[in-house]
Structure formats: C-alpha cells, structure tokens
Amino acid sequence: MALDLSALDSTSSAPVLGDRAPRASLDRFVEDEDQPRFEFDDHEFEDFVADVKARGILQPVIVEALANGLLKIRFGARRLRAARRLSLPDLPYNISEDPRQLDDYSQVSENQQRKNLTPLELAKFVAKRVQAGDSRKVIAERLRLDASAITHLLALIDSPPFLLELYHSGKCRTPVYLYELRKLYGKNASLVEDRCATAEEISRRFISSLAAEINAPTPVITLASAPEDSLEKLENRGQDGEAPSPGESSQPHDRANEQMLVRPVDPTRIKKPQLLGKYRKRDVMVLLNRKPTSSDTVFVRYEDGSGEQEVSISALTLTQLSDRG
C-alpha cells in the first residue's frame, strides 16, 4: 500500500501555512542523525537557496519536540540548511506526533517527492534497514522500487575506492552501471580503471563493450586450425588400444576435449539477447519476455532501478542489441 503523505506538512486536517505557523530561532532546530539525505552540495541545492532568498520559507518544517526543548527535524533538512546559509532569524515549524510521520520510510518518501535522494543516500538507507532486519523484498515494496534495484544499491556500500571516485565525480551515478562495473572490476581491475579513465560517458553500451572485452572466451581450436601434431594424436588415440603418450590423460574427459576441438563457434549467434534503448532520455532495457497489451507497445525496465513500464514503441529509441553473456 502506498504511503499517504498528504498530511506531511500539517498536524491537522487543514494545512498550516508558513505565515501562520509558530516560528523558532534556528538554534532550537537539530537535524535527525538518521536523516537519509546527506548530500547537499549540488547545483540544485544552490538554486533552492536562491529561491528561499527571494521568497522565504513557504512551508513549515515538520519536527519532533524533544524533552530538552529542542526541535528535531523530521521533514525539512534542506529548508533548515538554506535558512542557516542565509542567516535567517527563524523558521516556521509544525510539531508532529503522528507515528506515520515518524517512520523512517516516510522520511525517504517525503524526500523523494521533493527531490530524489541520491543513489548513495538511498543505498545507505537500504543498508540500514537490512541491518535492522527488513527483508529486501519488503524494502523494495515499501520504497516502490524494482527488487533488482535493492541489489544494485547495496553494491554501492563498501565499494572499491575507484568506483566511489567515479560516483562522486559525477561520471557514473546509475546504480545498475556501478553494480556491473563492480563485478567487472573484480575480474580485471586494471582494465576497468583504464577504460573508465578514457571513456567520455559510462553508458550501457560502454559497459557491454567492456564486459565483452573482459569475458572474451579463450580461442577454440578447430580441425581447420589445429596443429598437425594435435590432429595426429586425435587420429592415433584409441586405435588398437594404443596407450596415450606420456603426460597425456586417459580420463573420460578427453572425449569432451576432442569434441571441443571439432566444434566451431558461431560468432554471430547471440545466446542471451538484450535490447537497450532510451525512453524520454532515460536508459531502458526492453523486456523481450513480457508480452505487451498492444502491438505498438513494449515493456521496458529503467536502468536506474525505478521499475518497469509499458511504453509506446514510437517513443522508444533503440541503441544496442548485445549479449548478456
């Protein structure tokens, strides 16, 4: 069931606007240590500060009254920080005792409605809830995320320094891309670092190409390319009970090895196809195993982990057909 956040800015059925709400000096407000948002230094926050400077604080912050007289911010950390940046004398507030507004998931939902949490902020919240005993399925349902997004987000926790540098530099902020880079990094760290350093953009196409390079199979010897001495061994092995040459194994797996020598690899065959594209400037994967409701639509999965949607084919730009391997 979706959270009802209609009352987040009020403690009664009628909203209390900023000009009619009680006000308190900034030194009475304290931030919630468990607040999921912790990345504030970006262009959007600077724009928000400029807006507050021009128009003031339009909505009261929602607080929890503490026994020592301080007011702990439940919703409105950005407003408090903007007020401090501008040295405002006070801030409008509403005290909430509604348990729904004191729930950790409500904080995430409220932040997502105002300005999405960054992937790392969301990842740390998910890690906290896992540690508290929530299952990944429950977390995904309550945050209304695709189940795979929880796995991708958790991969940001304790990531190698290289991946965190990519994230903080802004070069790659998509959780699923960072997740896949982390797996590739474990296979060939130096190659991943080299390719990422020279890449103009970390995209699905880039990751697929990098994966193909790292996972490239060992060349298979066929009869056409096998050395003559190898062919002679194959022809002579097993004839008239001839024993294998010294160092050669007589175990049953030799038969499989012989089959590999004569089985060519079709380089044009795609074993696990994945069709990638963009929908409204967002990276998506076309779900080839989902039947659409009409002939002019397809189901897509957003690469940022925000879920699936049926979209018009005409609004979809296809970018790559590759093998998931």
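Any read-out appearing in this document is the output of simple, stated calculations on the displayed coordinates, not a laboratory observation. All figures in this text were calculated on a predicted structure; none of them were measured in a lab. Every residue, glycine among them, receives a Cβ derived from its backbone with ideal geometry; neighbour counts consider all protein chains shown.
When you count the other C-beta atoms within 10 angstrom of each residue and take the mean per peptide, 205-217, 307-319 line up highest first as 205-217, 307-319. To the nearest whole percent, what portion of all C-alpha pairs in the range 119-214 is separated by more than 19 angstrom? Of the Cα pairs, 41 percent sit more than 19 Å apart. Bridging of LYS72 to lysines at a Cα separation below 30 Å is possible for LYS53, LYS115, LYS124, LYS128, once same-chain residues fewer than 8 apart are set aside. Computing Rg and the Kirkwood Rh from the Cα coordinates of the range 273-323 gives a ratio, Rg/Rh, of 0.92. Among LYS271, LYS183, the ranking by other beta carbons within 10 Å of each residue's beta carbon, starting with the fewest, stands as LYS271, LYS183. Stokes-Einstein diffusion of the range 54-95 at 25 °C, 0.890 mPa s viscosity, Kirkwood radius from Cα pairs, rounded to a whole number: 229 µm²/s.
Please report the relative contact order for the range 119-214, taking Cα pairs under 8 Å with a sequence separation of at least 6, and give it as a percent rounded to a whole number.
Working: 81 pairs, mean separation 22.3, N = 96.
Worked out over the range 119-214, it gives 23 percent.
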